[in-house]
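> Here it is: the structure, laid out below.
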Amino acid sequence: MHKCTQHRLTGKERKCLKRRKELMSSIRGVSHFTRRTKRRLYFKLQLWMWRKRQKKYNFALFRAKKQVCCSSSHLSVKTQKRQRGCQSGCPSSSFLQNAVPRGGSSAPAARTEGSAGVGKSTELSQGVQARIDTVTACALASHVKETRKLELSERVEADSTIAVHPASIQTEPNLEVMKKDIHGGKNSIFPEVDRYRTAVVQNSVPSFQVVYKKHTLTLDDLCTLADQNWLNDQVMNMYGELMMDSANHEVHFLNSFFHRQLMTKGYDGVKRWTKQVDLFSKSLLLVPVHLEVHWCLVAADNIRKRICLYDSQGNALQKVARNVLKYLMTEAKERKQTAFENGWTVSFDEEIPQQSNENDCGVFVLEYSRCLTLGKPLNFSQRDIPKIRKRIYKELCDCKIHLQD
C-alpha cells in the first residue's frame, strides 16, 4: 500500500480492510477471532450437537413405537385368522348346534308328527337356534380372549425386553412402559460410556505448549509463523523476552499492547507497566506498534537520545515516534531523571529492508529488533523471510536466541 493511500483511508475503510485480511487469514488456517467470539462459536457447536443427539433419540423412540404398533397389528391379524378357524370347525359350536334343550324333542321327531304339530316344531327349532347362537358367541368370545392371552404370554417369554401387561390386550400399546424400557437401556449404557471417557482422559496426550517465564505459546500461536500468516501478540512478546535475556537486560522490549494502551488511556494507563524497570538504565528501548493491520517498530537509543522509526512499508509515521518521545519525557519527569527530559531527536530510517507483500510486517519487526539488540547490520531482504520464519520458530521452541544464524 502506498504512502498517500494510507493517509486517505477513513476509519470505516480501515475496519473493512482489517475484516478482509482476517477473513483471508482464517481461510489459510489461522484464527484471529477474539476469545469472546471463539466461546460463542463453541457454544453454538455444543447446541448443534445437543440438537443432533435429541433428534437421534426422538427417532429411536419413534422407531420403537412403530415396532410395537406393527407387532400389535400382526397379533390382531393372527387372532382374526384363529377366529375364522374357530367359527368353521370349533368343536363347541358343533356340539351346541346338535344339542337339544331339556324337555324338548329333536327335529326328526318333530317331523314324524302330524301336520298339526308342524308349526309347533318350527317354533321350537327357532328358539333352540337362537339359544345356540347366543351360547356360541359367548364361547367364541371367551375362546378368543384366552387365545390372545396365550399368544401374548408366548411373546413375552420370547422377548423379555417388551413388558406388556395382559390387561392391555384390547387397548393401545402402553407407551409409558416402553419409555421406561428405553431409559433403562440408556442407564445400562451410561456406566460403560463414563468408564471409556475416564480412560481416554487419563491416557490422553497433553496439548503442545511452549512455556517461558510468564509467556505461553500454543500450537496455534506457533502456526502463525508458517507460510505468510500474520504474527500475533503472544509470539511478539515472548520473542521480545528472549531478546532481553540474550542482551543481559541491557535492552528492554515493551509489551505489544503498550502503544495501544498509551493512545487510549494516556500516560496514567501505562504508568505501572514499567514500575519494576528502570528504563533509563537501559541502552535501548524497543516498542512494537500494532496499527490495526500493520506492525512497525520504534527504537529509543538512551545513549544518543535518539528515537527512530522502522517501518517495512516505508510509511513515515512521525506521530507514532513522537508519542513514544512524549511518554519518555513524562517518565523522566516522574522519576526525576532530568538528563532525559530534553535533548531528544526523532528520525525515520529509510535505508532499511522493505517488504514486498502485505503479510510479513511482523517478521520484519522481529528481525529489526534482533539485529538492533545483537548490534548487527540490517542486511536481510524479503527473500530471506521464509528462512527467518523457520529460525524464529526454532528459537521460540528452544527458548533462546541463536547468536549464529
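> Read phi for every residue in the stretch 258-275 and hand back ³J(HN,Hα) as whole Hz from Karplus 6.51 cos²θ - 1.76 cosθ + 1.60, θ = phi - 60°, with x for Gly and Pro.
3J(HN,Hα) across the stretch 258-275, in whole Hz: 4, 5, 5, 5, 5, 6, 8, 10, x, 4, 4, x, 10, 4, 8, 5, 10, 5.
> Within the set K213/K265; K305/K333; K282/K394; K265/K326, which residue pairs have Cα atoms separated by over 18 Å?
Numbers: K213/K265 28 Å; K305/K333 15 Å; K282/K394 27 Å; K265/K326 14 Å.
Flagged as over cut-off: K213/K265; K282/K394.
> Same structure again: Assuming R0 = 35 Å, what is the FRET efficiency of Q354 and R36, from their Cβ-Cβ distance, to the nearest 0.05?
Numbers: r = 36 Å, r/R0 = 1.03.
Once rounded, the FRET efficiency stands at 0.45.
> Pull out a ≥ b ≥ c, the square roots of the eigenvalues of the alpha-carbon gyration tensor of the stretch 210-398, then state rounded if a/c is under 1.5, prolate if not and a/b is larger than b/c, and oblate in the remaining case.
Prolate is the answer for the stretch 210-398, as a/c is 1.5 or above and a/b outweighs b/c.
> Can you tally the net charge around A332? Count Lys and Arg as +1, Asp and Glu as -1, for every other residue whose Cβ sits under 14 Å from the Cβ of A332.
On the way: positive: K271, K282, K305, K326, K333, R335, K336; negative: D278, E331, E334, E341.
Cβ neighbours under 14 Å give a net charge of +3.
> So, for the stretch 210-398, what is the accessible surface per residue at a probe of 1.4 Å, expressed in square angstrom?
On the way: 8880 Å² over 189 residues.
The answer is 47 Å² per residue.
> Which three extents, in angstrom, do the Cα atoms of the stretch 334-388 have along their principal axes, listed largest first?
46, 20, 19
> Which order, highest average first, do 319-325, 340-346 follow once you tally other Cβ atoms within 10 Å for each residue and take the mean per peptide? Before the final figure, lay out the partial values.
On the way: 319-325: 18.1, 340-346: 14.0.
Taking the mean over residues of other Cβ atoms within 10 Å, the ranking is 319-325, 340-346.
> Return the long-range amide H neighbours of F348 (sequence gap of 5 or more, or a different chain), with a cut-off of under 5 Å between placed amide H atoms.
Amide H neighbours of F348: L309.
The values are calculated or read from the model by the stated rules, or taken from the named source; none is laboratory data. Just so you know, these numbers come straight off a predicted model, no measurement behind them. We place every Cβ from the backbone using ideal geometry, glycine too, and count neighbours over all the protein chains shown. These accessible areas exclude ligands, DNA and RNA; they are computed on the full protein's heavy atoms, side chains included. Shrake-Rupley method; radii C 1.70, N 1.55, O 1.52, S 1.80 Å.
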